[in-house]
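> Take a look at the following structure, please.
The values are calculated or read from the model by the stated rules, or taken from the named source; none is laboratory data. Keep in mind it's a predicted model, so treat the numbers as computed, not measured. Virtual Cβ from ideal backbone geometry, glycine too; neighbours counted across all protein chains shown.
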Amino acid sequence: MGFTQMYRCTFTGAVPDAGYSFAMEIADTANENPSLFVAAHGAGSADVWAAFPGEPDWMYMGYWAKTTSNCLLPEGPESPDAQANLGQDAWEICIH
């Protein structure tokens, strides 16, 4: 995502839409890094959206799969919108 450092964040649960087992928003407490919205299909996969500081809209980042107990990576093939939003960056979400 253009950064690799860890940052403190908050987790806020959300009511999942139909087809999801749970949903949550992950927000940077300093509002300097992207916030993420994760809607899980189950224990190993989720749809992910990102909102960048100063940007009003959530961007769909595609379907992601669990790689370790703490990390998710995009799991292709992604929709054209998700591919455009992911760009050429290397994406990984690890929550510790």
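> Check whether at least one residue in the range 25-40 is within 15 Å of K66 (Cβ to Cβ), in contact with a Ser or Thr (Cβ under 7 Å, 6 or more places away or on another chain) and in contact (Cβ under 8 Å) with a residue 12 or more places away in the chain, and report yes or no.
Yes.
Okay, residues lined up against (1) assigned to a loop (DSSP other than H, G, I, E, B); (2) on the phi < 0 side of the Ramachandran plot; (3) in contact with a Gly (Cβ under 9 Å, 6 or more places away or on another chain):
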site: Q5; (1), (2), (3): yes, yes, no
site: F11; (1), (2), (3): no, yes, no
site: E25; (1), (2), (3): no, yes, yes
site: L36; (1), (2), (3): no, yes, no
site: P56; (1), (2), (3): yes, yes, no
site: Y63; (1), (2), (3): no, yes, yes
site: T68; (1), (2), (3): yes, yes, no
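> Filtering the range 79-89 down to residues that are part of a loop (DSSP other than H, G, I, E, B) and either in contact with a His (Cβ under 6 Å, 6 or more places away or on another chain) or more than 20 Å from C9 (Cβ to Cβ) (or both), which residue is modelled with the highest pLDDT? Give the steps one after another, and end with the answer.
Going through the range 79-89, the residues part of a loop (DSSP other than H, G, I, E, B) turn out to be 79, 87-89.
When the remaining residues are screened for being either in contact with a His (Cβ under 6 Å, 6 or more places away or on another chain) or more than 20 Å from C9 (Cβ to Cβ) (or both), the result is 79, 87-88.
Working: S79: 85, G87: 80, Q88: 74.
Per the criteria, the residue is S79.
> Taking the range 35-82 as the search range and keeping residues that are surrounded by fewer than 15 Cβ atoms within 10 Å (Cβ to Cβ) and in contact with a helix residue (DSSP H, G or I) (Cβ under 9 Å, 6 or more places away or on another chain), which one is farthest from M24 (Cα to Cα)?
Filtering the range 35-82 for residues that are surrounded by fewer than 15 Cβ atoms within 10 Å (Cβ to Cβ) and in contact with a helix residue (DSSP H, G or I) (Cβ under 9 Å, 6 or more places away or on another chain), the one farthest from M24 (Cα to Cα) comes out as P77.
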